[in-house]
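The values are calculated or read from the model by the stated rules, or taken from the named source; none is laboratory data. On a predicted model such as this, the values are computed, not experimentally measured, just so you know. Cβ atoms come from the backbone with ideal geometry, glycine included; neighbour counts cover every protein chain shown. Quick note on the areas: whole protein, heavy atoms, side chains included, nothing else; ligands and nucleic acids left out. Shrake-Rupley method; radii C 1.70, N 1.55, O 1.52, S 1.80 Å.
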Amino acid sequence: MADLHPLLYLVVCYVCIVNPSHMQIEVFKTQITHHHEALMISSLLKEVYPAYVINFDLEDCDKVMRIKSKREPIHSEDVVKLLNRLGFYIEILENDQPLLNSNPIKSWLDKSL
């Protein structure tokens, strides 16, 4: 990062680190089919990660669970391990398209550095 112009460096630091409005979103593929299971999982995850906003789309072919967070990172691997231990199938749904709330400067830095 030493090659970056000092002003660009400050912008990158603000957008990537300081800006609290940056929303993180992770999407998971599940086999949850019942509303009561989704509610139970949401309640459990909210106890462990109170900053997460969790919702399910059981009509989607992948029975997706979305987790959004502004205040803390999404611990995707821990979520998968926890729910797998409880007997639920879940995996991170890879997305080739960038999300609307993704951080383009951070993505550029990750690729460039």
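Quick notes on this structure:
- The GluC sites (Glu not before Pro) of segment 33-68 that DSSP puts in a loop, and whose beta carbon has at most 10 other beta carbons within 10 Å, are Glu59.
- The largest accessible area among Asp60, Asp78 belongs to the first residue in Asp78, Asp60, and the rest follow in falling order (1.4 Å probe, all chains).
- With the whole protein complex present, His36 retains an accessible surface near 120 Å², based on a 1.4 Å probe.
- Only protein heavy atoms count here; on that basis, with a 1.4 Å probe, Ser43 has an accessible area of about 70 Å².
- Ranking Ile90, Ile25 from most to least accessible surface, computed with a 1.4 Å probe over the protein chains only, gives Ile25, Ile90.
- Charge tally for Ile90 (other residues, Cβ to Cβ under 10 Å; Lys, Arg +1; Asp, Glu -1): +2.
- Sparsely packed loop sites in segment 50-95 (the trypsin sites (Lys or Arg not before Pro) outside DSSP H, G, I, E and B with at most 15 other Cβ atoms within 10 Å) comprise Lys70, Arg71.
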